Amino acid sequence: MSKNSLGLPIGTTLDRFIKKKQDEFPYATGELSQLLRDIALAGKIINREVNKSGLLDIAGAYGSKNVQGEDQQKLDVIANIRFTRALRNGGQVCAIVSEEDEEIIHLNPNCRYVVAMDPLDGSSNIDVNVSIGTIFSIYRRISPVGGPVQEEDVLQKGQEQIAAGYILYGSSTMLVYTTGHGVHGFTLEPSLGEFVLSHAILKCPEDGKIYSINEGSWKYFDKGTQSYIEDCKERDLTARYIGSLVADFHRNMLKGGIYIYPKTENTPNGKLRLLYECNALAFIAEQAGGQATDGHQRILDINPTSFHQRSPFYIGSTKMVAHAMSFLK
């Protein structure tokens, strides 16, 4: 039987893979493994809902705004409910911070894990059948187990993450995650309903030819970012922008590239959320050999001060990120 670079058979299921890798955590007693399975289960449910969106009335605007002041889509609300329910029923999470909720969602105080998540990133693209995704971060709580969750349990630096990942709902559905021991990708086999290992030890190319940014906001960018984009054009790099963070990041990680969401005149602190978007993807990028920064410092070194804190974001191939930073100094 063919083997991948981990020595595991091609097509190893996520469940079996998690069991094989559990010994990487000397302090773990199975809770983290179960938590990852709970996230995978919720991902399968959202995959089902996404695939039905053209047949049922679950696409389009929900009619309200989230805590960010952004119009909620029906699938945003559905995904938030599904993931929250899966994590509550799984029994391994003490608290959730979600893009769709202003305050902490308190679950089981006897558990040791905190999850920060964007249940459905890029959901406005669902109406036109464009790739969307889920992003998640996992932390170990700081306060004693059994007591109420404290702000300090949630407001941890990205470097304290013990796991992070995303689920991409596209031409195929993929779950990509890291526990600090490399990045691995699993593709959903729809006839079996199982995620199977398809991308072992993902590595981001050191350099690339793709830059991803919403150039429609060009006139609002800072001068350094404008100069870098001009440089990309002069060097005949390729512009690719889907508008779904997970999809843009995934493509650039596989092919080599840089994703940029800079600060603007309208969003001087950036737009992407630090806790459940930037930190998760930064952890994955670094584990894959890439880099992530806010333009001045490493994303994983930023000390968060609020649940929905925003940050400028430059992420991707190390040489491209470093080159971009040279224009921001």
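Annotations for the structure displayed:
- Test set (1) assigned to a loop (DSSP other than H, G, I, E, B); (2) open to solvent by 50 Å² or more (accessible area, probe 1.4 Å); (3) not hydroxyl-bearing (Ser, Thr, Tyr) - residue 111 fails condition number: (2)
- Within the stretch 311-327, the residues that satisfy the criterion of being in contact with a Phe, Trp or Tyr (Cβ under 8 Å, 6 or more places away or on another chain) and assigned to a strand (DSSP E or B) are 313, 314, 315, 316.
- Residue 118 meets the conditions (1) touching a residue at least 40 places away in the same chain (Cβ under 8 Å); (2) touching a helix residue (DSSP H, G or I) at 6+ places or on another chain (Cβ under 6 Å); (3) open to solvent by 10 Å² or more (accessible area, probe 1.4 Å) in every case but one. The failed one is (3).
- Some residue of the stretch 280-300 being open to solvent by 50 Å² or more (accessible area, probe 1.4 Å), part of a loop (DSSP other than H, G, I, E, B) and either among the small types (Gly, Ala, Ser) or within 27 Å of residue 125 (Cβ to Cβ) (or both): no
- Here the stretch 301-329 is the region considered, the condition is being small (Gly, Ala, Ser) and closer than 30 Å to residue 150 by Cα, and the residue that is surrounded by the most Cβ atoms within 10 Å (Cβ to Cβ) is 311.
- Test: residue in the stretch 29-39 that is modelled with pLDDT under 85, open to solvent by 40 Å² or more (accessible area, probe 1.4 Å), more than 19 Å from residue 197 (Cα to Cα) and not in a helix (DSSP H, G or I): yes
- Where a residue in the stretch 139-161 is small (Gly, Ala, Ser) and its partner, wherever it lies, is loosely packed, with under 13 Cβ neighbours inside 10 Å, with Cβ under 6 Å and at least six apart: 146/110
- Every listed requirement among (1) within 24 Å of residue 154 (Cβ to Cβ); (2) in contact with a strand residue (DSSP E or B) (Cβ under 7 Å, 6 or more places away or on another chain); (3) β-branched (Val, Ile, Thr) is met by residue 305 save one, (2).
- Selection within the stretch 189-215 - open to solvent by less than 20 Å² (accessible area, probe 1.4 Å) and part of a strand (DSSP E or B): 195, 197, 211, 212
- Summed over the stretch 180-200, residues that are of a type in the set (A, V, I, L, M), more than 21 Å from residue 281 (Cα to Cα) and under 21 Å from the mean Cα position of the chain (by Cα) total 1.
- Contact annotation: residue pairs with Cβ atoms under 7 Å, 6 or more positions apart or on different chains, pairing a residue in the stretch 253-266 that is touching a residue at least 60 places away in the same chain (Cβ under 8 Å) and outside any strand (DSSP E or B) with a partner that is polar (S, T, N, Q) and buried (at least 24 other Cβ atoms within 10 Å of the Cβ), are 256/317.
- In the stretch 125-143 there is at least one residue that is modelled with pLDDT under 95, over 20 Å from residue 43 (Cβ atoms) and out of contact with any Ser or Thr (no Cβ under 6 Å at 6 or more places or on another chain).
- Candidate set: the stretch 232-268, residues that are under 14 Å from the mean Cα position of the chain (by Cα) and aliphatic (A, V, I, L, M); chosen: the one nearest to residue 289 (Cα to Cα): 253
- Enumeration of residues in the stretch 262-279 that are of a type outside the set (A, V, I, L, M, F, W, C), under 18 Å from residue 241 (Cα atoms) and surrounded by 24 or more Cβ atoms within 10 Å (Cβ to Cβ): 262, 277
- Search result, residues across the stretch 93-107 that are modelled with pLDDT of 95 or more, open to solvent by 10 Å² or more (accessible area, probe 1.4 Å) and of a type outside the set (A, V, I, L, M): 106
- Residue within the stretch 9-17 that is touching a helix residue (DSSP H, G or I) at 6+ places or on another chain (Cβ under 6 Å), assigned to a helix (DSSP H, G or I) and either more than 17 Å from residue 276 (Cα to Cα) or modelled with pLDDT of 80 or more (or both) present: yes
- Members of the stretch 262-277 that are closer than 20 Å to residue 137 by Cα and out of contact with any Asp or Glu (no Cβ under 8 Å at 6 or more places or on another chain): 271, 272, 274, 275
The values are calculated or read from the model by the stated rules, or taken from the named source; none is laboratory data. Just so it is clear, the structure is predicted and the values come from calculations on it, not from any experiment. Positions of Cβ are generated from backbone atoms using ideal geometry, with glycine treated the same way; all protein chains shown enter the neighbour counts. These area figures cover heavy atoms from the full protein model, side chains too; ligands, DNA and RNA do not enter into them. Shrake-Rupley method; radii C 1.70, N 1.55, O 1.52, S 1.80 Å.
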